[in-house]
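Read-outs: derived from the displayed coordinates by stated rules, not from any lab. Please read these numbers as outputs of a predicted model, since none were measured by experiment. Neighbour counts run over all protein chains shown; Cβ positions are idealised from the backbone, glycine included.
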Amino acid sequence: MTSATQSQTMAAKSASLHAAMEFVRKGALEAKLPEARLDELDLVIEEVFMNVCRYAYPEGEQGTVTLTFSIPAPGELSVEVADQGVEFDPLTASRAPSTLNLESLPIGGWGLVLVKALASSLTYRRDSGWNRLTFRIRCG
């Protein structure tokens with residue numbers, strides 16, 4: 001049940017988040033992911049997409065995000081989020097602290113922890129000026 005790869009490019013602005021989520025959800029429905037996984041997919045897309053919007057492009061510079069999805073196997077969705085912004089490998093970024101003391105926790109740094117927990121795989125590569133973060137979501 002593999003499907004053709006589908007891509008969509010949109011402005012790297014928070015106003016594009018809904019369109020990004022709808023586009024990726026289309027792939028998730030084609031992959032027949034269960035409703036609970038759709039909600040988790042929304043969280044992953046929101047985190048990754050908004051990080052590109054906030055940090056990939058210098059202030060005042062217009063940028064884009066290209067989302068690409070495919071269905072490599074039944075019940076599995078592969079999503080790539082690509083931008084031509086500042087090089088950033090989130091997999092080598094400093095990790096969120098492991099302390100459980102909520103009062104001493106810094107703000108930020110938890111998004112990647114969430115993405116890693118929800119995605120079945122997560123990879124990054126820099127390719128000809130593009131940041132390419134790819135993740136997979138599986139049925140279970």
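How far apart, in nanometres, would the label points at residue 87 and residue 114 be if each is projected 7 angstrom from Cα along the Cα-to-Cβ direction? It works out to 2.9 nm between the two label points. For residue 123 and residue 10, the FRET efficiency from 1/(1 + (r/R0)^6), where r spans their Cβ atoms and R0 equals 30 Å, is about 0.85.
Here the chain is scanned for GluC sites (Glu not before Pro) in DSSP loops (not H, G, I, E, B) that have at most 10 other Cβ atoms within 10 Å, and the longest stretch holding none of them is 1-58. In whole percents, the pair-distance distribution calculated for the chain from its alpha-carbon pairs, binned every 10 Å from zero, is 12, 42, 34, 12, 1.
Provide 115, 86 in ascending order of the number of other Cβ atoms located within 10 Å of each residue's Cβ, fewest first. Kindly include the intermediate steps, with their values, before the conclusion.
On the way: 115 20, 86 12.
Lowest to highest Cβ neighbour count: 86, 115.
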